[in-house]
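Read through the structure below, which is laid out as structure tokens, and then see the notes.
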Amino acid sequence: QVQLVESGGGLVQPGGSLRLSCAASGIMFSTYDMGWYRRAPGKQRALVARINFGHGTDYADSVKGRFTISRDNAKNTVYLQMNSLKPADTAVYFCNAAHMFYTYWGQGTQVTVSS
């Protein structure tokens, strides 16, 4: 059974930082491309950042220079370090694992940026 369990969300003031974690089980983690997506209120889910099995990364323009995605294959975990957070970053953040025809999602973690 595949599980992706996100943690690290919460309430933070503008300019603050959070680190999200996604622990995966039931997959050969090192072979999967991993990603973070978010769904802001009233909007569709959109890509935030992804890291492929070779550790190549790409980011949404809105988070470049502020967010960093990384992975630890020994821990089957992908991270999203979020700095200089803005109210516009408020959303539910989802972890994604993808490999060939397979894709899996976590349950999501809420990030709220507000003073």
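The values are calculated or read from the model by the stated rules, or taken from the named source; none is laboratory data. Note that this is a predicted model, so its numbers are computed, not measured. As a convention, Cβ positions derive from the backbone with ideal geometry for all residues, glycine included, and neighbour counts pool all protein chains shown. These area figures cover heavy atoms from the full protein model, side chains too; ligands, DNA and RNA do not enter into them. Shrake-Rupley method; radii C 1.70, N 1.55, O 1.52, S 1.80 Å.
Here are a few things to note about the model shown:
- Applying the condition of being surrounded by fewer than 14 Cβ atoms within 10 Å (Cβ to Cβ) and free of Cβ contacts under 8 Å to residues at least 12 places away in the same chain to the range 44-64 and asking which residue is farthest from the chain's Cα centre (by Cα) yields Gly54.
- Qualifying residue in the range 97-113 (condition: open to solvent by less than 40 Å² (accessible area, probe 1.4 Å), at pLDDT 95 or above, among the hydroxyl-bearing types (Ser, Thr, Tyr) and in a loop (DSSP other than H, G, I, E, B)): no
- If you go through the range 63-115 and keep only what is under 17 Å from Gly10 (Cβ atoms) and hydroxyl-bearing (Ser, Thr, Tyr), you end up with Tyr79, Ser84, Thr90, Tyr93, Thr109, Thr112, Ser114, Ser115.
- All positions within the range 65-87 that are acidic (Asp, Glu) and surrounded by 14 or more Cβ atoms within 10 Å (Cβ to Cβ): none
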